[in-house]
Amino acid sequence: MSFTGFIPMLLPMLLLFGLAAGVFAYLLVLIIKALKKYISSTEVRDEKAELRKSLGEVLKAHRMECNMTQEFVAEVIGVSRQAVSKWESGASDPNTSNLLALAKLYGVSADDLLKKVR
């Protein structure tokens, strides 16, 4: 068989190989898109949100667990009731010394207050 006779046989094989490579690339793109969608799905984010809370939610839960009012906490810590309200609503965060004072007041470590914070 001559080289010129080999080219017509080679051409369909190259076309099939190109088609197979194109299909493989398309499938790879679809798999990547599906993985991206799964990773960023709302179900996953909602599940994580249930496990973790904001610092304000943690502080409020401990205060309520100890049957304390915002006024009482503010008086003991030496801040305004509005400051405690802002901490619990997430509008601001307590500074380190106030966080330590809150932990002591609630009978937990500062580490325990921060463990569940997202």
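The values are calculated or read from the model by the stated rules, or taken from the named source; none is laboratory data. Fair warning: this is a prediction, and the values are worked out from it, not measured in the lab. As a convention, Cβ positions derive from the backbone with ideal geometry for all residues, glycine included, and neighbour counts pool all protein chains shown. Just the protein is used for accessible areas: all its heavy atoms, side chains included, with ligands, DNA and RNA removed. Shrake-Rupley method; radii C 1.70, N 1.55, O 1.52, S 1.80 Å.
Can you tell me which residue in region 87-102 is surrounded by the fewest Cβ atoms within 10 Å (Cβ to Cβ), limited to those that are in a helix (DSSP H, G or I) and under 23 Å from the mean Cα position of the chain (by Cα)?
So, considering only residues that are in a helix (DSSP H, G or I) and under 23 Å from the mean Cα position of the chain (by Cα), the one surrounded by the fewest Cβ atoms within 10 Å (Cβ to Cβ) is SER89.
Out of region 70-86, which residues are open to solvent by less than 70 Å² (accessible area, probe 1.4 Å) and over 15 Å from ALA101 (Cα atoms)?
Residue satisfying the conditions is SER85 alone.
What do you reckon, is LEU105 more than 25 Å from the chain's Cα centre (by Cα) and of a type outside the set (Ser, Thr, Tyr)?
So LEU105 passes the test.
Taking region 70-108, which residues are without any contact (Cβ under 8 Å) to a residue 12 or more places away in the chain, over 18 Å from LYS53 (Cα atoms) and in contact with an Asp or Glu (Cβ under 9 Å, 6 or more places away or on another chain)?
Scanning region 70-108 gives a single hit, ARG81.
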